[in-house]
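The values are calculated or read from the model by the stated rules, or taken from the named source; none is laboratory data. Please read these numbers as outputs of a predicted model, since none were measured by experiment. Glycine gets a Cβ as well: all are built from the backbone with ideal geometry, and neighbour counts include every protein chain shown. Surface areas here come from the heavy atoms of the whole protein model, side chains and all, with no ligands, DNA or RNA. Shrake-Rupley method; radii C 1.70, N 1.55, O 1.52, S 1.80 Å.
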Amino acid sequence: MMLQDKVAVVTGAGGGIGREIACAMAAAGARVVVNDVGASLSGAGAGSAAPGAQTVALIEAAGGAAALSTDSVASWESAQRIVACALDHFGRIDIVVNNAGILRDQIFHKMAPEDWLSVVDVHLNGSFFVARAAAPYFRAQQSGAYVHMTSTSGLIGNFGQANYAAAKLGIAGLSKSIALDMHRFGVRSNCIAPFAWSRMTEAIPAETPEQQARVENLRRMTPEKNAPLAVFLTSDRARDVTGQIFGSRGNELFLFSQPRPVRSVHRDGGWTPEAIADQALPALSAQFVPHDRSEDVFSWDPL
Ligand code: NAI
């Protein structure tokens, strides 16, 4: 029981990866706040308490303890209520899993401001709001663990996801900042870049044979494969693990690199634009990042 006596908040736990993490945390002994607004994939329209209530029912049927929260992560006030739900029901909070998400894919030159803002609001601002709401409790008790869902769409790249990629790479920066700032209070923060067949990946086009083969592979990546890593990272067994970006895909686990200078050039007297073209570019271009996408990097069958 790696999470015995701990209280976890899992956002977006009404389905997909979040539900599996919430159930796995409850099975590992945690009492869990199942947070979900029951939104559509785009976040548009009225929400529903039903998806979150189903996760609560699953946890309780397995003998676990769970409470339902239907507040949105995407505002300061509602995020405070999500954390308050943990305090009200279970008297404490030890774990925050920032998992809630929506998608509004659009090629960049057609991306509307509301598509940008709504995706950034749920993923990046929502992760900040919920993490920040828990921070005073973590500080006071000198312990706490955050896990935030990032994505290879942000870490590597993808078509038509400027809003999502920017938010997800922002989350990596947020997590590292929390890890640095809250280390002195015994608080840890890590990211997971998950892979799973869920309603989010159902939206991936499958028109060409190559796309169909890719989607066939994705279909076999069930969401629960991501849960053990989240349980481990929020347990005391991970006490020395912070500021890292992990990935999970089927039966594979990854540790991601984080940006560091890969090459430097120096010129006595400084640089002119012409000297950069003539001397710096030939030296640096050997290390340029390829013009690739997540699926180019993760090009092998995971199973
Ligand atoms: P999902 O769409 O099945 O689950 C997301 C959940 O978040 C939904 O139940 C939705 O109602 C909830 N939600 C949306 N807006 C909310 C809000 N404002 N407040 C509270 N809850 C809200 O998606 P999936 O695939 O399970 O994704 C979970 C996380 O993993 C997301 O952050 C996603 O970006 C990330 N991810 C998923 C990948 C995949 O392969 N499925 C790949 C990379 C990242």
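Remarks
- Screening TYR146 on (1) in contact (Cβ under 8 Å) with a residue 24 or more places away in the chain; (2) hydroxyl-bearing (Ser, Thr, Tyr); (3) in a helix (DSSP H, G or I) shows it passes everything except condition (3).
Each row is one residue, and each column tells you yes or no for (1) touching a residue at least 12 places away in the same chain (Cβ under 8 Å); (2) more than 18 Å from ASN251 (Cβ to Cβ); (3) open to solvent by 50 Å² or more (accessible area, probe 1.4 Å); (4) among the small types (Gly, Ala, Ser).
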residue	(1), (2), (3), (4)
GLY157	yes, yes, no, yes
LEU180	yes, yes, yes, no
GLY186	yes, yes, no, yes
PRO194	yes, no, no, no
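- Within the range 73-93, residues that are on the phi < 0 side of the Ramachandran plot and modelled with pLDDT of 95 or more reach partners that are open to solvent by 10 Å² or more (accessible area, probe 1.4 Å) and of a type in the set (S, T, N, Q) with beta carbons closer than 6 Å, at six or more positions or on different chains, in the pairs SER78/SER72.
- Matching residues in the range 255-273 - criterion: being open to solvent by less than 40 Å² (accessible area, probe 1.4 Å) and either of a type in the set (A, V, I, L, M, F, W, C) or touching a residue at least 60 places away in the same chain (Cβ under 8 Å) (or both): PHE256
- Residue match in the range 210-229 (condition: outside any helix (DSSP H, G or I) and more than 16 Å from the ligand (Cβ to nearest atom)): no
- Only one entry in ALA67, ALA100, ALA74 is in contact with a strand residue (DSSP E or B) (Cβ under 6 Å, 6 or more places away or on another chain) and within 17 Å of ALA167 (Cβ to Cβ), namely ALA100.
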